[in-house]
1. How large is ³J(HN,Hα) for each residue in the stretch 23-34, as worked out from phi by the Karplus curve 6.51 cos²θ - 1.76 cosθ + 1.60 (θ = phi - 60°), to whole Hz, x for Gly and Pro?
2. Mind putting a number on the dipole of the chain about its Cα centre? Charges go on the C-beta only, +1 for Lys and Arg and -1 for Asp and Glu, and I need it in Debye to the nearest 20.
3. As an exercise, use a Förster radius of 22 Å and the Cβ-Cβ distance of residue 461 and residue 338 to find the FRET efficiency, rounded to the nearest 0.05.
4. Multiply the residue separation of residue 50 and residue 154 by 0.36 nm, subtract the distance between their alpha-carbon atoms, and state the gained length in nm to one decimal.
5. Which far-off residues, 5 or more places away or on another chain, put their amide H under 5 Å from the one on residue 105, with H placed in the peptide plane?
6. Report, in deg cm²/dmol and to the nearest 500, the calculated mean residue ellipticity at 222 nm for the chain, where each DSSP H run with n ≥ 4 adds -39500 (n - 2.57) and the sum is divided by the residue count.
7. Could you sort 209, 248, 90 by their accessible area in this structure, using a 1.4 Å probe and putting the largest first?
8. Given the chain, what percent of its DSSP beta bridges are antiparallel, to the nearest 5?
Amino acid sequence: TDEIMQQEIRPLVAVDIIEQLHRQFAILSGGRGKDGAPIITFPEFAGFSDIPDEDFLNVVTYLTSIPSLEAASIGFIIIIDRRRDKWSAVKASLTRIAGAFPGNLQLVFVLRPSRFIQRTIADIGIKLYRDDFKMKVPIIMLNSVSDLHGYIDKSQLTRELGGTLEYGHSQWIHHRTAIENFAMTVKTIAQMLQTFGTDLAETELPNDVQCTEDLLSSHTDHHSKLKDELKLAVKQGATLLTCIREPVTRSANCKLSPDELENVATVERLLAQLDETEKAFDQFWTKHHLKLEQCLQLRHFEHDFREVKLALDNLMEAQAGFADIGESVTRVEHLLKEQKQLEEKGQEPLEKAQSLALHGEQLIQNNHYAVDSIRPKCVELRRICDDFTNETKKKYDILGKSLELHKQLDKASQWCEAGIYLLASQAVDKCQSQEGAETALVEIEKFLVTAKEHQLSNPKEFYNQFDMILTPEIKANAQRILQKLEDVQEMFDKRQVSLKKLAAKQTRPVQPVAPHPESSPKRASPKITRPA
């Protein structure tokens, strides 16, 4: 952030004044004074006085903007090399620097003309015109580079000034443009990421599956492109860092100049900023991408819910239509078959509903943002499934009772018919004998045993058992058959009483009677006992 802000307040970058920099009338070699002051050198330049003021100001302003604020605050040291020039060139240089130098000056060193006459003129001129230069810093006139070495260490001076500092102007320009391009790249990427992040934050989530898929695809593609830009920028910065450090890598005895070390620090700061920006962006994207994926999951869930809900509603409606409990065994069996078909038909939507509810619960367990929307739908799906299952069981129970009722009624009716037939088939003349009466009784007793097998011995209990499912029609039919049962039972009871009486009379012994004299007219004739 500091590097980008620094770039924003710089009015110039190397590419803006690349031609002026290549003229090399002023250089920032990277050397420093004993107190760390940056050194700007004005090498010998034949056409120095012909340089336009704007070009001079732009170059000097740019050079003073490069060192760190800490180094710049110490003050710049200026070295003016005019050993092969005249006093007029020295005067012009000092005048121009004094009037246009934008930085904080500490010292000015002038390597005066080496020819005797020009050196003498320079000595006189500096004494006469020192005040005219309007410089508040010392101007030190030097006869040779050896004198300069007394003020500045040789390791901080270029070879042209008798020093050992390696400096290549073309490479320096290349490094400056590369660093500034990289800084601009980092700034641009940061702005792109910020813009994209703002767009993502302001994006409204779609309400259907297709739009959500399109949005997810669009955002993912944009994210991939930005990630590629980030990778290229990191690669660019790493390459630039390698280039700046190349002299140290090539020779272990070589050391980077303070300015080169600042270049390394600048690139490292930019790379660190890029890394932090990427991490923050990845963190934001992870949350946004998760939200989009969860939105798509929600839209699929809602779409499936509507389809399953419609199928379940149709199923429940069809089940509600099964109100008939049947009026005969055949009808009930047909209804049971239809109920079975409906149950089989409902297996697929029920399984889908259960699966969808399970999926919804998994979404909730995975901390889906729309828990309040998903949970009620899961509850509703399970409720409808339970309702259908319970209602189906209830239908089966009712139809089972109905089937049992009608089978019992049919058996009861058949039993009555069989009983009536039995009673009718017992010939009266055969029952007059003891053997005939006993045979008839045995037949009746055997037949009555079958009533217990069919649980028809207690008509009221039979009626109470099925009372909950009796419709008015079935109730009337059941009452008719139950009444018939009572009637037939009564008939059997009466027949049993009669047959038992007959059997009892046949088994009573006949008392012998003594004959009375016929002469006794007052005696009535004895009655002979006959079977009834």
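1. 5, 6, 7, 8, 9, 10, 6, x, x, 9, x, 4
2. 1540
3. Efficiency computed from Cβ-Cβ geometry: 0.10.
4. Full-extension gain reported as 34.3 nm.
5. 76
6. The helix contribution divided over the chain gives -23500 deg cm²/dmol.
7. So the residues, ranked largest to smallest area, are 248, 209, 90.
8. 15
The values are calculated or read from the model by the stated rules, or taken from the named source; none is laboratory data. Given the structure is predicted, the values throughout are model-derived calculations rather than measurements. Every residue, glycine as well, gets a Cβ built from its backbone with ideal geometry; the counts of neighbours run over all protein chains shown. Just so you know, the surface numbers come from the protein's heavy atoms only, side chains and all, with ligands and any DNA or RNA stripped out. Shrake-Rupley method; radii C 1.70, N 1.55, O 1.52, S 1.80 Å.
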